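Below is one structure, written out as structure tokens, with a few remarks after it.
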Amino acid sequence: MTANLLSIADLGAEGIEELLRLTDSFVEVSERRIPKVPTLRGRTVVSLFYEESTRTRLSFEAAAKRLSADTMNFSVATASVTKGESLRDTVVTLEAMGVDAVIVRHASAGVPWQVARWVDASVVNAGDGCHEHPTQALLDCYTLRQRLGSLVDRRIAIVGDVKHSRVARSDVLAYTALGAHVTLVAPPTLLPPSLEGWPVEVSHDLDAVLPKVDAVEVLRMQKERQTEALVPSLREYTATYGLTRDRARLLGDDAVILHPGPMNRGVEIAAEVADQPRSVVTRQVANGVAVRMAVLFLLLASGAAP
Ligand code: NCD
């Protein structure tokens, strides 16, 4: 069976730990003068992105290149999809060219699973609709561990548009697998219709939660996925749920701020809060490359030395 990374749930606590350990060695590679190893020479990694992306696409590309893989890039705007080609035909075409891994992002939940049924190559979910984004969760865990050490019994708040956030879903699974306690903070309209089975607490009072947490992860308002007005106005949202300068003062001295990007400065997070030393937003991006190297290594080259 081909190895894929579709959901954080596929990894479990042990799989996450293994990937985080592997990431250490790729952080070390990334810090070298020439940050490149020959591990995936002769292998081909293709990005199949049906949704826009800056960080994730470039990060996978950098990861594949640092492992010496060949990379191919498919982006919808310039591809035959605009001529009506189906997802299946596109994927089968790619496979016929001999690819070893397909990195998939799509606006519909479940597409990476579908792609995995059609191809022999390894498939990595780089974000499917509002469902999951496992490599983001891995890099968030890695970044938090760098700052906080173990996540066991740490308290983490995830704030904002949880309803549309694949990052939130993957993060909840990953953080709780590593022993953290998660509180979702959002207006009821920005929470999923049912939280049954989610191992989380819920609050609508950000001011009450902030002093108690070791980390706060701020989510982007996903206006492109909102089909109706879910908050009275962005100004009101910011006033109640935004991480403003005054609110950030409620955090403990060592508490950390995360944001998966792209940030709407002035909406969910104040510009100057995003730039505070306690904010690890750029660290998340840097770690993202090493985490994705670890993922590609594990899927395509396990058995070899990193
Ligand atoms: C996230 C995504 O696309 O799911 N961004 C990312 O991958 N870093 C979050 C978002 O778009 O808000």
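The values are calculated or read from the model by the stated rules, or taken from the named source; none is laboratory data. Note that the structure is a prediction, hence the values are computed from the model and not measured. Note that each Cβ is placed from the backbone with ideal geometry, even for glycine, and that neighbours are counted across all protein chains shown. Only protein heavy atoms, including side chains, enter the accessible area calculation; ligands, DNA and RNA are left aside. Shrake-Rupley method; radii C 1.70, N 1.55, O 1.52, S 1.80 Å.
Between a residue in region 250-273 that is within 12 Å of T238 (Cα to Cα) and any residue that is hydroxyl-bearing (S, T, Y) and outside any helix (DSSP H, G or I), which pairs come within a Cβ distance under 6 Å, given they are 6 or more apart or on different chains?
Hits for this filter: A270/T244.
Inspect all residues belonging to region 267-274 and state whether any of them is more than 13 Å from the ligand (Cβ to nearest atom), open to solvent by less than 50 Å² (accessible area, probe 1.4 Å) and in the same structural domain as S30 (by TED's automatic domain parsing). Working first, answer last.
Start the filter on region 267-274 by keeping residues that are more than 13 Å from the ligand (Cβ to nearest atom), which leaves 270-274.
Imposing the further condition that a residue be open to solvent by less than 50 Å² (accessible area, probe 1.4 Å) reduces the set to 270-271, 273-274.
Now narrow it down to the ones that are in the same structural domain as S30 (by TED's automatic domain parsing): none.
No: region 267-274 contains no residue that is more than 13 Å from the ligand (Cβ to nearest atom), open to solvent by less than 50 Å² (accessible area, probe 1.4 Å) and in the same structural domain as S30 (by TED's automatic domain parsing).
Is it true that V289 is at pLDDT 95 or above and farther than 23 Å from T54 by Cα?
Working: at pLDDT 95 or above: yes; farther than 23 Å from T54 by Cα: no.
When the stated conditions are applied, V289 does not pass them.
In region 64-81, is there at least one residue being assigned to a helix (DSSP H, G or I), within 14 Å of A290 (Cα to Cα), within 16 Å of the ligand (Cβ to nearest atom) and open to solvent by 50 Å² or more (accessible area, probe 1.4 Å)? Walk me through how you get there before you give the answer.
Step one: of region 64-81, the residues assigned to a helix (DSSP H, G or I) are 64-66, 76-78, 80-81.
Pick out the ones that are also within 14 Å of A290 (Cα to Cα) and you get 64-66.
Subsequent filtering for residues that are within 16 Å of the ligand (Cβ to nearest atom) retains none.
Taking every residue of region 64-81 in turn, none turns out to be assigned to a helix (DSSP H, G or I), within 14 Å of A290 (Cα to Cα), within 16 Å of the ligand (Cβ to nearest atom) and open to solvent by 50 Å² or more (accessible area, probe 1.4 Å).
How do the pairs read when you match residues in region 16-45 that are more than 16 Å from Y142 (Cα to Cα) with residues anywhere that are open to solvent by less than 40 Å² (accessible area, probe 1.4 Å) and hydroxyl-bearing (S, T, Y), using Cβ under 8 Å and keeping only pairs 6 or more apart or on different chains?
Listed by first residue and then by second, the contacts come to K36/S68; V37/S68; P38/S68; T39/S68; L40/S68; R41/S68.
For V92, all conditions in the list (1) at pLDDT 95 or above; (2) touching a helix residue (DSSP H, G or I) at 6+ places or on another chain (Cβ under 9 Å); (3) part of a helix (DSSP H, G or I); (4) open to solvent by 60 Å² or more (accessible area, probe 1.4 Å) hold save one; what is the number of the exception?
The single condition V92 does not satisfy is (1).
Of everything in region 133-143, what is within 11 Å of the ligand (Cβ to nearest atom) and open to solvent by 10 Å² or more (accessible area, probe 1.4 Å)? Give them in sequence order.
The answer is Q136, and nothing else.
Any residue in region 129-149 that is over 25 Å from Q114 (Cβ atoms) sitting within a Cβ distance under 6 Å of a residue that is modelled with pLDDT of 95 or more and away from the ligand (no atom under 16 Å from the Cβ)? List the pairs, counting only those 6 or more apart or interchain.
Taking only residues 6 or more apart or on different chains, the pairs are Y142/L20; Y142/T23; L144/A215; R147/V256; L148/R154; L148/D214.
Considering V285, V273, V291, V267, which residue is under 15 Å from R220 (Cα atoms) and not in a loop (DSSP other than H, G, I, E, B)? Break it down stepwise before answering.
On the way: V285 fails: under 15 Å from R220 (Cα atoms); V291 fails: under 15 Å from R220 (Cα atoms); V267 fails: not in a loop (DSSP other than H, G, I, E, B).
Going through V285, V273, V291, V267 in turn, the sole match is V273.
Taking region 286-306 as the region of interest, how many residues are within 16 Å of the ligand (Cβ to nearest atom) and either buried (at least 18 other Cβ atoms within 10 Å of the Cβ) or without any contact (Cβ under 8 Å) to a residue 12 or more places away in the chain (or both)? Talk me through it step by step, then tell me what you get.
Of region 286-306, the ones within 16 Å of the ligand (Cβ to nearest atom) are 286-292, 295.
Within this subset, residues satisfying the condition of being either buried (at least 18 other Cβ atoms within 10 Å of the Cβ) or without any contact (Cβ under 8 Å) to a residue 12 or more places away in the chain (or both) are 287-292, 295.
Number satisfying all stated conditions: 7.
Among R249, R220, R225, which is the only one that is outside the structural domain of A107 (by TED's automatic domain parsing) and at pLDDT below 95? Even if it seems obvious, please write down each step before you answer.
Working: R249 fails: at pLDDT below 95; R220 fails: at pLDDT below 95.
Step by step, each of R249, R220, R225 is checked, and only R225 is outside the structural domain of A107 (by TED's automatic domain parsing) and at pLDDT below 95.
Within region 1-27, track down each residue that is in a helix (DSSP H, G or I) and of a type in the set (S, T, Y). Don't jump to the end; show me each part of the working.
Going residue by residue through region 1-27, those that are in a helix (DSSP H, G or I) are 8-10, 12-27.
Passing the criteria: T23, S25.
For V123, are the conditions met, namely being at pLDDT 95 or above, in contact with a Pro (Cβ under 9 Å, 6 or more places away or on another chain) and in the same structural domain as E217 (by TED's automatic domain parsing)?
Numbers: at pLDDT 95 or above: yes; in contact with a Pro (Cβ under 9 Å, 6 or more places away or on another chain): yes; in the same structural domain as E217 (by TED's automatic domain parsing): no.
Criteria not met by V123.
Does G129 meet the test of being touching a helix residue (DSSP H, G or I) at 6+ places or on another chain (Cβ under 8 Å) and either more than 12 Å from the ligand (Cβ to nearest atom) or modelled with pLDDT of 95 or more (or both)?
Details: touching a helix residue (DSSP H, G or I) at 6+ places or on another chain (Cβ under 8 Å): yes; either more than 12 Å from the ligand (Cβ to nearest atom) or modelled with pLDDT of 95 or more (or both): yes.
Spelling it out, G129 is indeed touching a helix residue (DSSP H, G or I) at 6+ places or on another chain (Cβ under 8 Å) and either more than 12 Å from the ligand (Cβ to nearest atom) or modelled with pLDDT of 95 or more (or both).
Within region 222-241, does at least one residue satisfy the condition of being in contact with a Leu (Cβ under 9 Å, 6 or more places away or on another chain), open to solvent by less than 50 Å² (accessible area, probe 1.4 Å), of a type in the set (S, T, N, Q) and not in a loop (DSSP other than H, G, I, E, B)?
For region 222-241, residues in contact with a Leu (Cβ under 9 Å, 6 or more places away or on another chain), open to solvent by less than 50 Å² (accessible area, probe 1.4 Å), of a type in the set (S, T, N, Q) and not in a loop (DSSP other than H, G, I, E, B): absent.
Please verify whether K212 is within 16 Å of the ligand (Cβ to nearest atom) and either open to solvent by 20 Å² or more (accessible area, probe 1.4 Å) or of a type in the set (D, E, K, R) (or both), treating the condition exactly as stated.
Working: within 16 Å of the ligand (Cβ to nearest atom): no; either open to solvent by 20 Å² or more (accessible area, probe 1.4 Å) or of a type in the set (D, E, K, R) (or both): yes.
Judged against the criteria, K212 is not a match.
Residues to consider are V200, V162; find the one that is touching a helix residue (DSSP H, G or I) at 6+ places or on another chain (Cβ under 7 Å), within 12 Å of the ligand (Cβ to nearest atom), touching a residue at least 12 places away in the same chain (Cβ under 8 Å) and among the β-branched types (V, I, T). I'd like the intermediate steps shown before the answer.
Numbers: V200 fails: within 12 Å of the ligand (Cβ to nearest atom).
Result: V162 is the single residue among V200, V162 that is touching a helix residue (DSSP H, G or I) at 6+ places or on another chain (Cβ under 7 Å), within 12 Å of the ligand (Cβ to nearest atom), touching a residue at least 12 places away in the same chain (Cβ under 8 Å) and among the β-branched types (V, I, T).
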